[in-house]
1. Could I have the simple spin-label model distance between His32 and Glu6, label points 7 Å from Cα toward Cβ, reported in nm to one decimal?
2. Roughly how far apart, in whole Å, are the Cα centres of segment 103-132 and segment 11-25?
3. Return the carbon/sulfur percentage of the accessible area of segment 1-104, one whole number, probe 1.4 Å, all protein chains in place.
4. Under a plain spin-label model, where a point goes 7 Å from the Cα along Cα-to-Cβ, how far apart in nm are Cys119 and Glu16?
5. Compute the accessible area per residue over segment 1-133, keeping the other protein chains in place, probe 1.4 Å, unit Å².
6. Under a Cβ-Cβ cut-off of 15 Å, what is the net charge of the residues other than Asn107 that fall near it, where Lys and Arg count +1 and Asp and Glu count -1?
7. Mind scanning Lys60/Lys142; Lys97/Lys138; Lys51/Lys97; Lys35/Lys79 and naming the pairs with a C-alpha gap bigger than 18 Å?
Amino acid sequence: DINIYEKSYWQHMLDENVLITAVASLFIPPSHVIKAGAHHFRFFLDYMKLKNEVDHYRGKHQEIFTKLFKRQRHEKAKKIMVHPIRCCQFALQLLEKGCIYDYSCANEYTFFVRQSNACTWLEFEAWWLEIMYNLDTKFREKTNNYKESTPLLSSPSKLTSHYSSSTSSWQPPESTEDPKKYWVVSIEESQVFFTQFLLKNREIIAEEEFTKYDWLQ
């Protein structure tokens, strides 16, 4: 999937500490970045917003994967079941060091659920709830160490080289429009964009990837 955001909306998501979509992108190792722009974004780690984000993310995804289990879409449910675990681990890393430094932290859980023969929520429930309880306990303990009125400033030295420090002079444009406004493009426009991307990066993309898209032929 390709998602296209206005710069002002991306900054809005950073300001709200939207963890998985926006904040996690700040700390991706340069070797995993296909193309980096010159635009600078600011980021302040606010533990109250982060706590709300983690709670919301967990609740939303738990509702999704439990429904998938009921519909017997086991593989999809197993995949989504790991997402809240990863979200909590990312949040803990931010509180510990001011950055996300280990993107593979939840891989062991992914491998476990994929290899498991279990195919119902009842079989996974005790295992998943214990992991989430332990992570949630650690997270609550750490957030209780900070005063509510003091946001945490992400350390500029922790940010990867293709992003500026959180003290960037760039400011989002003032607007009376809904800050959640974003670009909407047609399927045809998305295909053109994605085609250009695939062709420009053909040398680093496996040949079989091209066969997945009929409209590329």
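1. Reported label-point gap for His32 and Glu6 is 3.0 nm.
2. Using only Cα atoms to place each centre, the spacing works out to 26 Å.
3. Exposed carbon and sulfur together represent 48 percent of the surface.
4. 3.8
5. On the way: 7200 Å² over 133 residues.
Computed with neighbouring chains in place, this is 54 Å² per residue.
6. Numbers: positive: Lys78, Lys79, Arg86, Arg114; negative: Asp102, Glu108.
Charge balance near Asn107 sits at +2.
7. Listed pairs above 18 Å: Lys60/Lys142; Lys35/Lys79.
The values are calculated or read from the model by the stated rules, or taken from the named source; none is laboratory data. Quick caveat: nothing in here was measured; it's all calculated off a predicted structure. Here Cβ is always computed from backbone atoms with ideal geometry, including for glycine, and neighbour counts include all displayed protein chains. For the accessible areas, the whole protein counts, side chains as well, though only heavy atoms, and no ligand, DNA or RNA atoms are used. Shrake-Rupley method; radii C 1.70, N 1.55, O 1.52, S 1.80 Å.
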